[in-house]
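Engineer: Quick one: the structure is below, questions incoming.
The values are calculated or read from the model by the stated rules, or taken from the named source; none is laboratory data. Since the structure is predicted, the reported quantities are computational estimates derived from the model, not experimental observations. Because the Cβ atoms are built from the backbone with ideal geometry, glycine has one as well, and the counts that use them run over all protein chains shown. Calculation scope for accessible area: heavy atoms of the full protein, side chains included, ligands and nucleic acids excluded. Shrake-Rupley method; radii C 1.70, N 1.55, O 1.52, S 1.80 Å.
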Amino acid sequence: MKNVINRRDLLRHAGLGAGIAGATNLFGQAPAFLKHWERDATAYPLMVQIGDITDGRATIWARSDRPSRMIVTWNTSDGSVLARRIPGPHCIETTDFTGRMELNGLPNGQEIRFNVQFEDLAQKARLSEPLSGKFRTVPTGRNDIRFLWSGDTAGQGWGINREWGGMRIYETMRRRDPNFFIHCGDTVYADGPITEQVRLADGTIWRNVITEETSKVAETLDEFRGRYKYNLLDDNVRRFSAEIPQIWQWDDHEVTNNWSGSKDVSGDARYREKNVPLLVGRATKAFLEYAPVRFSAEETERVYRKLSYGPLLDVFVIDHRSYRTNNTFNLQDSETIDTQYLGAEQREWLKAGLKASRATWKVIASDMPIGLNVGDGRDAQGRARWEAVANDDNGPARGRELEFADLFGFIKQNNLRNIVWLTADTHYTGAHFYDPTKAKFTDFLPFWEFMSGPLNAGSFGPNTTDGTFGIQVMYQKHPPTGQVNLPPSAGLQFFGEVNISGSTEVMTVVLRDLAGAALYTKELVPERV
């Protein structure tokens, strides 16, 4: 392994150098007989993440470097409740030493501070150094809310360049001090090898940290796991993850580019494993091991879910990947197995959730945009094949568009207002207004979709639009014409910010760049029903 953080930096950047004293000041004196274990300087660092914040609950995720048991101690920052020490799961080889536990009974409207330690299963008198973190719980009333979203981490060979400052956008986002962050997918690029050096157009060299697992496309379970561990080597990602709760969804690159039932890697020399369903299975296991998500009680590998965040906001996380069938020419005139995208069960879940929601704003976190054309080559008949919803025919709803026509018609029929879509995927940023007066399918209420990304990946765009749902591009920023896969150092890395006023309930959406500068701002006043 080259360019991997040395032991002193490992402890400093992991927040471990303070030893047990950092924990005992907040959580009480640790038993004197407990000793800290020695760590291998070349091992992947210990790590914590916070995920899926909702009423009275939060998910704490962590990774050890050996068989151990996870222990979480938490308290409110003002000391208003007694510190609680909770033994958690055993973190062993079957989960790549990762573990998670859900904290229940958290007081809303508070800042929570916590420590995670691991108890060595080989010597129970030994603990890891404490990993510290903090987060804010769900507001108790109509308080201001700020959250961020984006997608696309470490893609197209652009990895951790320490000379440039690593994945700098994560530090920019952390300094915005959001309540939480939505990662809209492509959390890793399992199909994108990362090389040690990339020569840029100006002749300079981009230097990546490299690991064995990221040197080729991921095929084995350990190689898929290695993609997530790679991102956790970045100092900015680690700081961000210990302070900002995250809501993860996934897209295609967690497995391989544009995967669906029709994906075929038989002609791709990079893959020795040609069984795509097996690749999906390994990738799914790795994603669920490393994502700080609360597992579903209804379906063990479900990604779609709803998170309530007080009276002003419900977040609906949807999944465009798990239930789709083949990517096709996407021009079918009626719903068939070949048009399945969200799938009937997820679509009905979303309808029911939107109808039942009493929150002022209903945000739908979507891993792909609705009205942009995203291609996937051509089929055996030479027809254009499509990866997302749109099909570039600018006509009535056909193919996958039929699912969305059904959903939009339901929303209008039930007069469901204040629904906003947030997405990523296309590696540039934009604001889209869907206007039924300019659409071919008109039976829907107008709505906004905002798009941002990438986080640390190549910059592309723009995509062409499809007129079925009347998309109007109100703003976009992307590379100059003819320039593709620009490095993060080109500055075209983006995230979005949402601010909801507790007093007026106005939602203000801001598209921001790598430095945090505001590029575009839109105020949305809630409609009263």
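Engineer: What accessible area per residue comes out for the stretch 249-308, rounded to a whole number of Å², with a 1.4 Å probe?
Structural biologist: Averaged over the residues of the stretch 249-308, the accessible area is 43 Å².
Engineer: OK, next. How big is the antiparallel share of DSSP beta bridges in the chain, given as a percent to the nearest 5?
Structural biologist: 75
Engineer: A further question follows. Tell me the angle of helix 221-231 to the major Cα principal axis of the chain, expressed in degrees between 0 and 90 and rounded to the nearest ten.
Structural biologist: So the helix axis and the longest Cα principal axis differ by about 80 degrees.
Engineer: Could you pull out the pairs from K263/K306; K412/K438; K351/K412; K306/K522 whose alpha carbons sit more than 20 Å apart here?
Structural biologist: Correct reply: K263/K306; K306/K522.
Engineer: Next up: Taking amide H positions as placed in the peptide plane 1.01 Å from N, state which residues far from I194 in sequence (5 or more) or on other chains have amide H under 5 Å from it.
Structural biologist: Distant-sequence amide H within range of I194: S215, K216.
Engineer: Please give the direction-averaged projected area of the C-alpha convex hull for the stretch 59-116, in square nanometres with one decimal.
Structural biologist: 3.9
Engineer: Right, another one. Can you give the Rg and Dmax of the stretch 432-478 based on its C-alpha atoms, in angstrom?
Structural biologist: In order Rg, Dmax, the Cα atoms of the stretch 432-478 give 12.6, 38 Å.
Engineer: May I ask for the distance between the Cα centers of the stretch 302-370 and the stretch 439-481, given as a whole number of Å?
Structural biologist: 18
Engineer: So, with a 1.4 angstrom probe, what is the percent of accessible area on the stretch 436-483 that is carbon and sulfur?
Structural biologist: 51
Engineer: Next question. What's the long-distance tail for the chain, i.e. % of Cα pairs beyond 36 Å?
Structural biologist: Tail fraction, whole percent: 31.
Engineer: Give me the distance between the Cα centres of the stretch 233-285 and the stretch 141-215, rounded to whole Å.
Structural biologist: Comparing the Cα centres of the stretch 233-285 and the stretch 141-215, I get a distance of 15 Å.
Engineer: While we're looking at this one, here's another question. Hey, can you grab everything whose amide H is under 5 Å from the amide H of D319? Only 5+ residues off in sequence or another chain; H modelled, so Pro and N-termini drop out.
Structural biologist: Amide H neighbours of D319, under 5 Å, 5+ apart: none.
Engineer: Among the lysines, which have Cα under 20 Å from the Cα of K35 when same-chain residues fewer than 8 positions away are ignored?
Structural biologist: Within the straight-line cut-off, K35 pairs with K124.
Engineer: For the stretch 399-529, max minus min Cα coordinate along each principal axis, in Å, sorted largest first?
Structural biologist: 47, 42, 20
Engineer: Hey, another quick one. How tilted is helix 276-290 with respect to the longest principal axis of the chain? Cα atoms for both, answer in degrees (0 to 90, nearest 10).
Structural biologist: Compared with the principal axis, the helix lies near 50 degrees.
Engineer: Across bins of 5 angstrom width beginning at 0, how are the C-alpha pair distances of the stretch 348-398 distributed, in whole percent?
Structural biologist: 4, 16, 17, 17, 14, 13, 9, 5, 3, 1
Engineer: Mind running the shape call on the stretch 444-511? Use the C-alpha gyration tensor, a ≥ b ≥ c as the square roots of the eigenvalues: rounded below 1.5 for a/c, prolate if a/b tops b/c, oblate otherwise.
Structural biologist: oblate
Engineer: Relative to the first principal axis of the alpha-carbon coordinates of the chain, what is the inclination of helix 344-356, with its axis defined by its Cα atoms, in degrees from 0 to 90 and to the nearest 10?
Structural biologist: 80
Engineer: Along the stretch 460-469, what does the Karplus equation 6.51 cos²θ - 1.76 cosθ + 1.60 (θ = phi - 60°) give for ³J(HN,Hα), rounded to whole Hz, x for Gly and Pro?
Structural biologist: Along the stretch 460-469, the couplings run 9, x, x, 7, 6, 10, 10, x, 3, 9 Hz.
Engineer: Rounded, prolate or oblate, given the Cα gyration tensor of the stretch 67-161, with a/c below 1.5 counting as rounded?
Structural biologist: Judged from the Cα gyration tensor, the stretch 67-161 comes out oblate (a/c at least 1.5, b/c at or above a/b).
Engineer: Restricting to Cα atoms and excluding each atom paired with itself, what does the Kirkwood estimate give for the stretch 175-225 in Å?
Structural biologist: 13.5
Engineer: Based on the alpha-carbon gyration tensor of the stretch 209-252 and its eigenvalue square roots a ≥ b ≥ c, which shape applies: rounded if a/c is under 1.5, prolate if not and a/b is larger than b/c, or oblate?
Structural biologist: oblate
Engineer: Normalise the Debye intensity by I(0) for the stretch 125-232, one equal point scatterer per Cα, no solvent, then take log10 at q = 0.11, 0.15, 0.22 Å⁻¹ and round to two decimals.
Structural biologist: Log10 of I(q)/I(0), two decimals: -0.50, -0.82, -1.20.
Engineer: Highest mean first, how do 384-395, 362-373, 121-132 rank when packing is the count of other Cβ atoms within 10 Å averaged over residues?
Structural biologist: 362-373, 384-395, 121-132
Engineer: Along each of the three principal axes of the Cα atoms of the stretch 257-386, give the extent in whole Å, ordering the values from largest to smallest.
Structural biologist: 51, 38, 23
Engineer: If you roll a 1.4 Å probe over the stretch 210-308 with all protein chains in place, what percent of the accessible area is carbon or sulfur?
Structural biologist: 50
Engineer: From the phi angles alone, apply the Karplus equation (6.51, -1.76, 1.60; θ = phi - 60°) to the stretch 247-256 and give each ³J(HN,Hα) in whole Hz, x where the residue is Gly or Pro.
Structural biologist: Working through the residues one at a time gives 10, 9, 10, 10, 9, 8, 6, 5, 10, 6 Hz.
Engineer: Under the rule of -39500 (n - 2.57) per DSSP H run of 4 or more residues, summed and divided by the residues of the chain, what mean residue ellipticity at 222 nm is obtained, to the nearest 500 deg cm²/dmol?
Structural biologist: So the helix-based figure for the chain works out to -4500 deg cm²/dmol.
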